[in-house]
Amino acid sequence: MISQHSYFQQCLPAIQQLHIHTNFTKEQLLQKDFLIRQENELSMYYSPHNDYINPDAHIVIAGITPGWFQMKTAFKQCISSLSQHHSLEEVLYETKKAASFSGTMRVNLIEMLDQCGISKAMRINSAAELFASQRDLLHTTSILKYPVFYKGKNYTGHQPPIERSSLLSRYAFEVFPQELKEVTNPCLIVPLGKAVEQVLRKLACKPSLSRHTYLFGFPHPSGANGHRKRIFEEHLNEFTETVEKWAANRKS
């Protein structure tokens, strides 16, 4: 299902100008054709991988914002799919599948989800299947739908805080909840990192989003997060219990 808040059609002519075999540079993608908004030292650019929404998902994994690596991967896949004359829905689905939490982050994330008992709860062999053959069970997203950069570097959720920016607040507290409403099942929602958790703790009180179960305290799976393993191990029993309760409620 294609997101209502999509810039895809607007950006399509510029996307079609890009060459399929390019190893994209920031100069090629962080340019005016893909610029959505600028606010002081923040800039938000279009990337085609968060425009596909899976309304049938049972698990939602939410990051802060797509980073440069994800953006580059998304554009490569999008151009490849367009060159094969796939439908718009297919293009955006394939782009999401290729780019969401790609790289070492996905490897770490799969390992952490397996340790929490998610594969057992979903009756699959490994959480890796959520990114492959069982993709229909998963919706991946970001509370800031499109890539945000602060002084040209990946925005991490802290500088500036989301609530001090009208641009970031609008995406986190208006656009993102609208997206979650499209998902019909009571989901297990996994917020990656503290900034995402803070937003979701506020949104979880809303009647339309209170039906979901939230895995609060889950550390960001980035390799750059030096405290990841310690924090994860400290909360592992809690995570396992939350997943078991959610799985039991699904069956009842």
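Can you pull out every residue in segment 111-151 that is part of a loop (DSSP other than H, G, I, E, B) and small (Gly, Ala, Ser)?
So the first thing to find is which residues in segment 111-151 are part of a loop (DSSP other than H, G, I, E, B), and the list is 116-117, 123-126, 132-134, 143-147, 151.
Scanning segment 111-151 gives Gly117, Ser126, Ala132, Ser133.
If the condition is being open to solvent by 50 Å² or more (accessible area, probe 1.4 Å), in a loop (DSSP other than H, G, I, E, B) and more than 16 Å from Leu188 (Cβ to Cβ), then segment 204-251 contributes Cys205, Lys206, Gly223, Ala224, Gly226, His227. When Asn108 is tested against (1) open to solvent by 30 Å² or more (accessible area, probe 1.4 Å); (2) within 26 Å of Glu234 (Cα to Cα); (3) in a helix (DSSP H, G or I), just one condition goes unmet, and that condition is (1). The residues of segment 184-203 that are part of a loop (DSSP other than H, G, I, E, B) and either touching a strand residue (DSSP E or B) at 6+ places or on another chain (Cβ under 6 Å) or closer than 22 Å to Ile231 by Cα (or both), listed by number, are Cys187, Leu192, Gly193.
Restricting the search to segment 89-105, which residues are assigned to a helix (DSSP H, G or I), among the small types (Gly, Ala, Ser) and open to solvent by less than 20 Å² (accessible area, probe 1.4 Å)?
Step one: of segment 89-105, the residues assigned to a helix (DSSP H, G or I) are 89-99, 104-105.
If we keep only those that are among the small types (Gly, Ala, Ser) too, we end up with 98-99.
Of everything in segment 89-105, just one residue is assigned to a helix (DSSP H, G or I), among the small types (Gly, Ala, Ser) and open to solvent by less than 20 Å² (accessible area, probe 1.4 Å), namely Ala99.
For segment 165-194, residues that are among the small types (Gly, Ala, Ser) and open to solvent by 10 Å² or more (accessible area, probe 1.4 Å) total 3. Here segment 20-59 is the region considered, the condition is being surrounded by 13 or more Cβ atoms within 10 Å (Cβ to Cβ), among the aliphatic types (A, V, I, L, M) and touching a helix residue (DSSP H, G or I) at 6+ places or on another chain (Cβ under 7 Å), and the residue that is nearest to Met105 (Cα to Cα) is Ile59. Looking only at segment 69-88, residues that are more than 22 Å from Leu137 (Cβ to Cβ), buried (at least 18 other Cβ atoms within 10 Å of the Cβ) and among the aliphatic types (A, V, I, L, M) come to 3 in all. Here Thr156 meets each of (1) free of Cβ contacts under 8 Å to residues at least 12 places away in the same chain; (2) crowded, with 16+ Cβ neighbours inside 10 Å; (3) outside any helix (DSSP H, G or I) with one exception, condition (1).
The values are calculated or read from the model by the stated rules, or taken from the named source; none is laboratory data. This is a predicted model, so every value here is computed, not measured. Quick reminder, even Gly has a Cβ in these numbers, built from the backbone with ideal geometry, and neighbours come from all protein chains shown. Ligands, DNA and RNA are stripped out before the accessible areas are found, and what is left, the full protein with its side chains, is counted by its heavy atoms. Shrake-Rupley method; radii C 1.70, N 1.55, O 1.52, S 1.80 Å.
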